[in-house]
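The values are calculated or read from the model by the stated rules, or taken from the named source; none is laboratory data. Quantities reported herein were computed from a predicted structural model and do not represent experimental measurements. Note that we place each Cβ from the backbone using ideal geometry, even for glycine, and neighbour counts take in every protein chain shown. To get the accessible areas, we keep the full protein, side chains included, count just its heavy atoms, and leave off ligands, DNA and RNA. Shrake-Rupley method; radii C 1.70, N 1.55, O 1.52, S 1.80 Å.
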Amino acid sequence: MTNTPTENEKKAQARVHYERGRRFWQQGERGKAISEYNEAVALDPESPAATALQMANDIMDFFDPNQLNP
């Protein structure tokens, strides 16, 4: 007998990763947040983490440290 998680368990785990990612993002730990969002999306592609991951990637693509320190 294998211990494969059910769909509901995967969704619950994805929610935990998503919430953890949100906390990391709010604390300024962008890399950790993105990792958590990736974990959540791997478990549940329809998780709100998918949108958060897209927005985080858009923000990181826009970020230019050279513009912050003239």
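Please specify each residue of the stretch 22-64 satisfying the condition of being over 29 Å from residue 6 (Cα atoms) and of a type in the set (Lys, Arg).
If the condition is that a residue be over 29 Å from residue 6 (Cα atoms) and of a type in the set (Lys, Arg), then 30 is the only one that fits.
Test of understanding: among 51, 4, which residue is more than 12 Å from the chain's Cα centre (by Cα), open to solvent by 50 Å² or more (accessible area, probe 1.4 Å) and not aliphatic (A, V, I, L, M)?
4
In the set 9, 46, which member is part of a helix (DSSP H, G or I) and either open to solvent by 60 Å² or more (accessible area, probe 1.4 Å) or of a type in the set (A, V, I, L, M, F, W, C) (or both)?
From the options 9, 46, the qualifying one is 9.
Kindly list, by first and then second residue, each pair from a residue in the stretch 11-25 that is under 14 Å from residue 53 (Cβ atoms) and modelled with pLDDT of 95 or more to a residue that is open to solvent by less than 80 Å² (accessible area, probe 1.4 Å) and of a type in the set (Val, Ile, Thr), limited to pairs with Cβ atoms under 8 Å and residues at least 6 apart or on different chains.
These pairs meet every condition: 14/41; 21/34.
Could you list, in sequence order, the residues of the stretch 17-70 that are of a type in the set (A, V, I, L, M) and touching a Phe, Trp or Tyr at 6+ places or on another chain (Cβ under 7 Å)?
Matches in the stretch 17-70: 33, 40, 49, 52, 53, 56.
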